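Worksheet for the structure shown next.
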Amino acid sequence: MNTLENFTQRSRQRHIFRQFRYSLRYVVAPFYFCFGIIDYIYNPSHFAFWLTLRGFFVVSIWTSFYLLRKKSFRIRFSEYLVILNIAIACNIINLMIWQSGGASSLYTTGLILVSMTGIQLCRLDGSWALKSNLVCYLPAAIIVLLTALPSNLGLGIVQAFFFLGITFLTHIFRTSEDVLTKRWTLNKLESDKQLETYRRTEFMKSHFPRKLRKMVEQNEIKIEKRRVYAGAVVGFVDIVGSTTIANTLTLLADWQLKEAFIDIAGKRAVASNLIVLSHLGDGFMFLANFNETGDWPLNVLAFYEGLIKDFETLNYSMGLLQGGLNTGLKFGISLGPSVVGFLGADQSYFTAMGPDVNLAARLCAKANTNELVVSSRVWHVLKHVAIGWNTHNETFDDLKGFHEPVPAMRIEARAIGETGLKCPACGQTMSITRNSDGFIDATCPNQDNHEKFTIGRKPA
């Protein structure tokens, strides 16, 4: 069975289950049972017998619902249960037709009503609709022919052909509707596939480095929906004094700051070959070693130093530093087992979860302004490229969720400062930042407004 047919069949089976859950149990079955009033008016001598048969149909509806609650049963027997219940209801009416005069019986109208309602309500396709009508109308045609008197034999023959005509017309209508449904389903599958491709592309543009993005698009690397990393390097960045900004200025100013911060942090992370993870509020979350590669230390340092400078430039542009507000960034990084992947049915969140992710958040909360706090496992790798930096060992015994003391390392940014050089394009004083290749560049803080001008030097 191909994907389209499988999708269509599964959709129809789910629809059948929903109809049994609501319409058939609570509407159709009671409504059918209430026809007993008409039975009493039409032929009171057989009222108890017919009411018993109608009650049997109601029990069948409820039993079928409980059977369909089992997924394995629903996948195999949904259509069979529909036909069984339609056959029970219609052949009860056929029995009433036989006992009340055959061709002259008023129950023939009810037979058509019940059969058409069941087929339309459960959306049976052409082949199943044909089977359903055959088990309903073929006995009816035989009954009206056998019970017809010589005086109304012609009426019996007309009714028999009328039943057969309804059978084949219903088959044709349901077949044509099934074709249209499959076309709509095919268009929906193609549209969903294209939408998923566009959404994934836009997601990767803002969350993945360009080199990695190309490798994924060329199927050189596959992004798994969910994967356990034995040594994921996950970090948090938070704004210092966000609450003070909101209380001192306005909530709108705080919102604009956070919005701009998320934007520049995402761009800086992608430029530093880091993966942007889902973030909320004033925090920012990233993954440094996608596929657990070993080139992440320089990327982390480049992101750390570059984002501090970006945030200072942002504060100047928004006039926060001129107002005397003490703000900045604080960083926390941890290394350990984590689950990394998409969260949610629509895969709108790419994030990481695990004890070490929580540890990174706790270390970030302990950091001072423009300071990076890393776990001992991170420092064991990072110390080989952070030679000569200002560091300080510390052990935290009050981290929420951690009952044992946690050793960590405080790190202060070193390669941040003014060079004394002037930008030849705009005259602004250039500043020192480190790129993801480990080189130190002199960059203009106003370079977004003109052509970039940098001076590269090897790592000090």
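The values are calculated or read from the model by the stated rules, or taken from the named source; none is laboratory data. Not measured: the values here are computed from a predicted model. So basically every Cβ, Gly included, is an ideal-geometry build from the backbone, and we count neighbours across all protein chains shown.
Every listed requirement among (1) out of contact with any Ser or Thr (no Cβ under 8 Å at 6 or more places or on another chain); (2) modelled with pLDDT under 90 is met by Arg362 save one, (2).
Let's see how each residue does on (1) in the same structural domain as Val158 (by TED's automatic domain parsing); (2) part of a loop (DSSP other than H, G, I, E, B); (3) surrounded by fewer than 15 Cβ atoms within 10 Å (Cβ to Cβ); (4) modelled with pLDDT of 90 or more:
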position	(1), (2), (3), (4)
Phe31	yes, no, yes, no
Ile88	yes, no, no, yes
Met96	yes, no, no, no
Val114	yes, no, no, no
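In segment 68-86, the residue that is surrounded by the fewest Cβ atoms within 10 Å (Cβ to Cβ) out of those that are within 29 Å of the chain's Cα centre (by Cα) and free of Cβ contacts under 8 Å to residues at least 60 places away in the same chain is Ser72. Candidates are the residues of segment 142-155 that are in contact with a helix residue (DSSP H, G or I) (Cβ under 6 Å, 6 or more places away or on another chain) and surrounded by fewer than 20 Cβ atoms within 10 Å (Cβ to Cβ); the one that is nearest to Gln99 (Cα to Cα) is Thr147. Pairing residues of segment 236-265 that are modelled with pLDDT of 85 or more with residues that are in a helix (DSSP H, G or I) and not hydrophobic (A, V, I, L, M, F, W, C), at Cβ distances under 6 Å and at least 6 apart in sequence or on separate chains, gives Ile264/Asp310.
Summed over segment 259-308, residues that are buried (at least 19 other Cβ atoms within 10 Å of the Cβ) and of a type in the set (Lys, Arg) total 1.
Quick grid of which residues meet (1) of a type in the set (Asp, Glu); (2) in the same structural domain as Leu298 (by TED's automatic domain parsing); (3) in contact with a strand residue (DSSP E or B) (Cβ under 8 Å, 6 or more places away or on another chain):
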{"residue": "Ala367", "(1), (2), (3)": "no, yes, yes"}
{"residue": "Ser376", "(1), (2), (3)": "no, yes, yes"}
{"residue": "Leu382", "(1), (2), (3)": "no, yes, yes"}
{"residue": "Val385", "(1), (2), (3)": "no, yes, no"}
{"residue": "Gly388", "(1), (2), (3)": "no, yes, no"}
{"residue": "His392", "(1), (2), (3)": "no, yes, yes"}
{"residue": "Asp398", "(1), (2), (3)": "yes, yes, no"}
{"residue": "His403", "(1), (2), (3)": "no, yes, no"}
{"residue": "Pro407", "(1), (2), (3)": "no, yes, yes"}
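Evaluating Arg227 against the criteria (1) over 24 Å from Ala408 (Cβ atoms); (2) of a type in the set (D, E, K, R); (3) crowded, with 17+ Cβ neighbours inside 10 Å leaves one unmet condition, (3).
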